Amino acid sequence: MKRPFAELSGTGSYAPPRVMTNDEFSKILDTSDQWIRERTGIRERRVSSKDESNACMGKAAALQVLEQNGLTPLDVDAIVYATASPDRLLPSAACDLQAILGAKNAAAFDVGAACSGFVYALNVAEGLIASEQGERVLVVAAEKLTSIMDWTDRTTAVLFGDGAGATLVRRSAGARGILASYMKSDGTLAELLYRPGGGAAHPPSEELLKDHSYYIKMAGREVFKAAVLSMADACDHALQRAGLAAGDVDLLIPHQANIRIIEATAKHAGVPMDKVYVNVDRFGNTSAASIAIALDEAVKTGRLVPGMTVMFVAFGAGFTWASMVVKW
Ligand code: ACO
């Protein structure tokens, strides 16, 4: 087996305390707890308050990681931040986090790969260490999706939630670390899952607010099919690069978008569901943050322990997809 170059050291996460159930949605939209549970597996999600900014949630997750590593914010060489819902368009969410964390020795920037963002960011972090930009790279994935979803659209509003997760990437000291990874995108499919307005092509205007084009739009059925095929493809590639087979995977942590997508992906990848981490029922889809939150839960509940082989697999807007095999 390949000797890993970089490892993930410590995990953290933050979930806003406000829990919103499906029944609450059925009071404001033409939907039901039964429909949402049967089609998505989601029972509830977390909704951030005005005071819980994207960067604040990222900070809470990051501080746990630094504490576990016995580091202070001043020890961080770089912050790679994955998000599709930054607090503002300029500067980056990473720079906002850098400021409130006091990580003044770091280089900070965002990775825009939507729900694949955490896995993309881990890859970037490994590359920063390889190119000697630093030794301690903080990877943070946070989303405040409830601020960019259309609360009047039942086909998207019921799916998303808020939260953050983090880890530290550093040079591997031994056998544990990143064994292999794979990233891919297809920008020609962008308009199946996107935010049409608010950027430079369609700057904020009254019309944009009226037609709700500021919010996430999605062709659910097409996204569903592409997600399953792409994530199965990503698992195959990463395992092949690691020289491993599906049977070697002790835990699969997929992007948490929909239980049916997770089950179909696991089946295609050849990983039984008892080796798949699922928390979509409690968090909904937290985009870039979903794998990071699930990873932290898996570690803190003892589901993922040292020596295990864990595989992450993600799919998101772009389309983007990615997978990573890690010796924990
Ligand atoms: N409540 C009740 N009915 C609904 C709801 C709702 N919340 N949403 C849609 N419906 C209706 C539709 O209007 C449609 O009604 P119609 O037949 O009268 O037109 C019917 O339910 C079926 O709609 P479909 O879209 O065909 O339902 P489907 O079984 O495909 O489920 C869903 C929809 C859950 C969105 C599914 O397609 C899905 O999960 N797609 C992937 C979405 C996803 O995971 N996106 C994120 C991945 S990438 C990322 O994380 C950013």
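The values are calculated or read from the model by the stated rules, or taken from the named source; none is laboratory data. Since this is a predicted model, take the numbers as computed values, not measurements. Neighbour counts are summed over all protein chains in view; Cβ atoms, including those assigned to glycine, are modelled from backbone coordinates with ideal geometry. Surface accessibility is based on the protein's heavy atoms, side chains included, excluding ligands, DNA and RNA. Shrake-Rupley method; radii C 1.70, N 1.55, O 1.52, S 1.80 Å.
One table, with the values for the structure above:
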item: Of residues in segment 67-94 being of a type outside the set (D, E, K, R), in a loop (DSSP other than H, G, I, E, B) and over 18 Å from the mean Cα position of the chain (by Cα), the one surrounded by the most Cβ atoms within 10 Å (Cβ to Cβ); result: Val76
item: Tally of residues being away from the ligand (no atom under 16 Å from the Cβ) and either within 20 Å of Ala314 (Cα to Cα) or surrounded by fewer than 16 Cβ atoms within 10 Å (Cβ to Cβ) (or both) across segment 213-242; result: 8
item: Subset tally (residues that are among the polar types (S, T, N, Q) and crowded, with 22+ Cβ neighbours inside 10 Å) for segment 274-328; result: 6
item: Residue count for segment 34-66, restricted to those that are within 11 Å of the ligand (Cβ to nearest atom), open to solvent by less than 40 Å² (accessible area, probe 1.4 Å) and part of a helix (DSSP H, G or I); result: 2
item: Residue ranges of strands (runs of 3 or more DSSP E) in segment 101-187 with at least 3 members buried (at least 23 other Cβ atoms within 10 Å of the Cβ) and away from the ligand (no atom under 16 Å from the Cβ); result: 136-144, 162-171
item: Pairs where the first residue, in segment 86-111, is without any contact (Cβ under 8 Å) to a residue 24 or more places away in the chain and more than 24 Å from Gly198 (Cα to Cα) and the second is part of a loop (DSSP other than H, G, I, E, B) and open to solvent by 50 Å² or more (accessible area, probe 1.4 Å), C-beta under 9 Å, 6+ apart; result: Gln98/Lys104
